[in-house]
Amino acid sequence: PPAAPIQEHGGPMKIGVASGLEILVLVLAVTLLAVPLGDFILPPFDLDSHQENWARRSLPFAFALCAFAGVPPLRRAVWRMLAAPIPVGHRAEVVVVGLCKLAIPFAVTGWIALSIWIADGPLTVERQMAINLESEMARAYSVTGFLALLFATLVAPLVEELVFRGFLYRAVERRWGWFVATLVSAIAFAIYHPNFLAAFTSGLVFACLLRRTGSLWAPMAVHAFSNLML
């Protein structure tokens, strides 16, 4: 049966429907909980710094997947959100957006490099952007590198799109409309990532895709493709 409306702070609210603020608090709580839990779980595995970094980053996603699978109301909500496919008429548009979105990380990286070059000169750019090719190749072809690739292209897009565009965007949209929901979900998504500007721009693109297609699969597909290319 539909939830009975109640009065809360002078406005209608439905029992059992989370607000955008409640979802943000829950995301923050899960992220913070992952820190002490990682300190408890990871030491016996004797991981190196790179492996431990990926393990710690994956813990909040593991919590989210367990919650989506184990909590019946969440599981039903997830299935409802994933039930809508990308409309046939929008599939070519999603492909074009996915290809064009690859320009965002290149543009942000170029902007950072140019800023450093203007401030400190080309040698500083070279020092800051240099990598150890041998060690990076070893990481890429290790078990950790393979798991990181799967995590970035499968788990992260699924969980992040469900949280930020599925639950958060729609919760804010119900109360404040699509424009505010787009900004709030993009800002929250950006705060959760190390590069705020690139993640914020990506969040705007993902929210627009959801609004254009009505399907969570659209931002999820572009998100996964972007991570794979990166």
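In the range 38-59, the residue that is modelled with the highest pLDDT out of those that are among the hydrophobic types (A, V, I, L, M, F, W, C) and surrounded by 15 or more Cβ atoms within 10 Å (Cβ to Cβ) is 59. Of all residues assigned to the range 213-229, at least one qualifies as being surrounded by fewer than 20 Cβ atoms within 10 Å (Cβ to Cβ), in contact (Cβ under 8 Å) with a residue 24 or more places away in the chain and touching a Gly at 6+ places or on another chain (Cβ under 7 Å). Within the range 191-205, residues that are at negative phi and in contact (Cβ under 8 Å) with a residue 24 or more places away in the chain sit with their Cβ atoms under 9 Å from residues that are buried (at least 18 other Cβ atoms within 10 Å of the Cβ) and in a loop (DSSP other than H, G, I, E, B), at 6+ positions apart or across chains, in these pairs: 201/101; 202/101; 205/101. For the range 133-171, a residue qualifies if it is within 23 Å of residue 202 (Cβ to Cβ) and among the acidic types (Asp, Glu), and the qualifying residues are 160, 161.
In the condition set (1) hydrophobic (A, V, I, L, M, F, W, C); (2) open to solvent by less than 60 Å² (accessible area, probe 1.4 Å); (3) out of contact with any Asp or Glu (no Cβ under 9 Å at 6 or more places or on another chain), residue 180 is compliant with all but (3). Within the range 133-177, the residues that satisfy the criterion of being surrounded by fewer than 15 Cβ atoms within 10 Å (Cβ to Cβ), of a type in the set (Phe, Trp, Tyr) and assigned to a helix (DSSP H, G or I) are 146, 176. Pairs meeting the criteria (first residue in the range 37-54 and more than 14 Å from residue 145 (Cβ to Cβ), second residue of a type in the set (Lys, Arg), beta carbons under 9 Å, at least 6 apart or on different chains) are 38/56; 42/56. Yes or no: residue 67 closer than 22 Å to residue 147 by Cα and either more than 22 Å from the chain's Cα centre (by Cα) or open to solvent by less than 90 Å² (accessible area, probe 1.4 Å) (or both)? Judged against the criteria, residue 67 is a match. Looking only at the range 122-132, count every residue that is open to solvent by less than 30 Å² (accessible area, probe 1.4 Å) and of a type in the set (A, V, I, L, M) and tell me the total. So the count comes out to 1. Scanning the range 72-121 for residues that are outside any helix (DSSP H, G or I) and open to solvent by less than 60 Å² (accessible area, probe 1.4 Å), we see that the one that is farthest from residue 227 (Cα to Cα) is 121. Of the residues 207, 186, the single one that is in a helix (DSSP H, G or I) and within 18 Å of residue 81 (Cβ to Cβ) is 207. Residues of the range 54-109 that are of a type in the set (D, E, K, R) and in contact with a Gly (Cβ under 7 Å, 6 or more places away or on another chain): 56 alone.
The values are calculated or read from the model by the stated rules, or taken from the named source; none is laboratory data. Model, not experiment: these values are computed from the prediction. We place every Cβ from the backbone using ideal geometry, glycine too, and count neighbours over all the protein chains shown. Accessible surface is based on the protein model in full, side chains and every heavy atom, while ligands, DNA and RNA are left aside. Shrake-Rupley method; radii C 1.70, N 1.55, O 1.52, S 1.80 Å.
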